[in-house]
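The values are calculated or read from the model by the stated rules, or taken from the named source; none is laboratory data. Because the structure is predicted, anything quoted here is derived from the model rather than measured. Note: ideal-geometry Cβ built from the backbone for every residue, glycine included; neighbour counts use all protein chains shown. These accessible areas exclude ligands, DNA and RNA; they are computed on the full protein's heavy atoms, side chains included. Shrake-Rupley method; radii C 1.70, N 1.55, O 1.52, S 1.80 Å.
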Amino acid sequence: MSDDHTHVREFFTARAADWDGRFPDDGPAYTAAVAALGLREGDRVLDAGCGTGRALPPLRAAVGPSGTVLGVDLTPAMLEAAVRAGRGRDGRLLLADVAALPVRSGSLDAVFAAGLVAHLPRPAENLRELARVVRPGGVLALFHPIGRAALAARHGRQITPDDLRAEGSLGPLLAGAGWRLTSYVDEDARFLALAVREG
């Protein structure tokens, strides 16, 4: 396991048990972000870096009982917290790295990724792997329940122009990985970038 993986696992393992309790009011933001994907009954969707699975219930509601919902995370403790919260009923949980997904190429309609981009060790490569598993015309949602400035303030930092999630940085990054940025919202209450799989 790389040092990046070790750091990410240590960070989230230490926080898994009380993760949901730290952010109890995020539910409506997750539901609204999932709605922006435009999923339909029977669609196949991946929650990449699913953590405790907060997006799984709205994803399941969007694709219905005939759809497929997968939740992938690198940290066993986060997946265990998802199971304890009962979210394993809403999707299949897999311990896996978004750099090498155990999913067939072009087999999904959409990817939802909450808070993932900042933790990717090789963003261009990792976003290309997300593109690999999505059919042409499929959708990617990069989401965070608060905007970049609010998140930076929470951590005692300022956002900088070279921030990976700045629109001017994210658009070219996505384009190089096989995605076309179609919508970008960065406000205090949420960050949501939507992209379509080219091809």
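Tabulated data for the structure shown
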read-out	value
Residues satisfying the stated conditions in segment 167-198, i.e. open to solvent by 50 Å² or more (accessible area, probe 1.4 Å), part of a helix (DSSP H, G or I) and under 25 Å from residue 150 (Cβ atoms)	167, 168, 172
Residue ID - nearest to residue 199 (Cα to Cα), chosen from residues in segment 125-151 that are assigned to a helix (DSSP H, G or I) and open to solvent by 10 Å² or more (accessible area, probe 1.4 Å)	132
For residue 66: the one exception among (1) on the phi > 0 side of the Ramachandran plot; (2) of a type in the set (Gly, Ala, Ser); (3) surrounded by fewer than 16 Cβ atoms within 10 Å (Cβ to Cβ)	(1)
Breaking point among (1) hydrophobic (A, V, I, L, M, F, W, C); (2) more than 19 Å from residue 165 (Cβ to Cβ); (3) open to solvent by less than 20 Å² (accessible area, probe 1.4 Å); (4) in a helix (DSSP H, G or I), for residue 110	(4)
